[in-house]
1. Each residue of region 182-188 in order: what ³J(HN,Hα) in whole Hz does its phi give by Karplus 6.51 cos²θ - 1.76 cosθ + 1.60, θ = phi - 60°, with x for Gly and Pro?
2. Kirkwood Rh and Cα-based Rg: tell me the resulting Rg over Rh for region 1-143, rounded to two decimals.
3. In terms of Cα to Cα distance under 17 Å, which aspartates and glutamates are near enough to LYS137, apart from those fewer than 8 places away along the same chain?
4. Given an 8 Å cut-off on Cα distances and at least 6 residues of separation, report the relative contact order of the chain as a percent.
5. So how do 60-73, 77-90, 185-198 stack up, highest first, on mean other-Cβ count within 10 Å?
6. Add +1 for every Lys or Arg and -1 for every Asp or Glu among the other residues with Cβ under 13 Å from the Cβ of ILE55, and state the total.
Amino acid sequence: MLLPEIIETYIAQHSTKESSTLAALNRETHLKVLMPRMLSGQVQGMFLQLLSHAIQPKNILEVGTYTGYSAICLAQGLQPNGKLHTIDINEELYDLQQKYFDQAGLGQQIVSHIGNALDIIPTLNETFDLVFIDADKQNYPAYYQLVFPKVRIGGYILADNVLWSGKIVDPTPDKDTLALQHFNDFVQKDARTENILLPLRDGIMIARKIAE
């Protein structure tokens, strides 16, 4: 945690509460699924939801579904006929995801792909308005390179956990931290985008594509 707990609590108290569906998903994730801290949660979820509403995307790509919390948040801003494609390698979570996608009334707009994102991304023929990367950290640079040509000019790429609990500034990084350092440096130097790294939760990098 990068902010004092009392500040995190204050932020949550002054942010719109999660829906009943998201609250139920939050509870079930904490009760039944390993590593529940991977869930986006109320504050980050509301940020993703508001950003999606502002962009009003037709197509969204999410790399890393986990239990589906962030997918539901992002899908709230989709155009009426829009689609969110989400990719996860863990097929054991599929039924849980689908249950809550349906409860949120988004079962027809969220398309789930099970498998390795490095293999699946090249098979997707859509042009995306918004991409959210939240999967294994060592492949962040590869995911970015794969999705970039599929994002429209003016579209956005978001990457989660880019502060990595503060380890991002560690002078002797482990493999995940080193990959995130390389990713952050690459995005910062990428003249095809304009970007900002937000200290929201565990850090979100936001890049807006301005050139091919």
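1. 4, 4, 4, 5, 5, 4, 4
2. Numbers: Rg = 14.8 Å, Rh = 15.6 Å.
So for region 1-143, dividing Rg by the Kirkwood Rh gives 0.95.
3. Excluding near neighbours in sequence, the set is GLU62, ASP88, ASP119, ASP160, ASP170, ASP174, ASP176, ASP185, ASP202.
4. Once normalised by length, the contact order is 17 percent.
5. Details: 60-73: 26.3, 77-90: 18.2, 185-198: 13.6.
Put in order of decreasing packing, that is 60-73, 77-90, 185-198.
6. Numbers: positive: LYS58, ARG152, ARG208, LYS209; negative: ASP129.
Result for the neighbourhood of ILE55: +3.
Every number here is computed from the coordinates shown, using simple stated rules; none is lab data. Note that this is a predicted model, so its numbers are computed, not measured. Methodologically, a virtual Cβ is constructed for each residue, glycine included, from the backbone with ideal geometry; neighbour enumeration extends over all protein chains shown.
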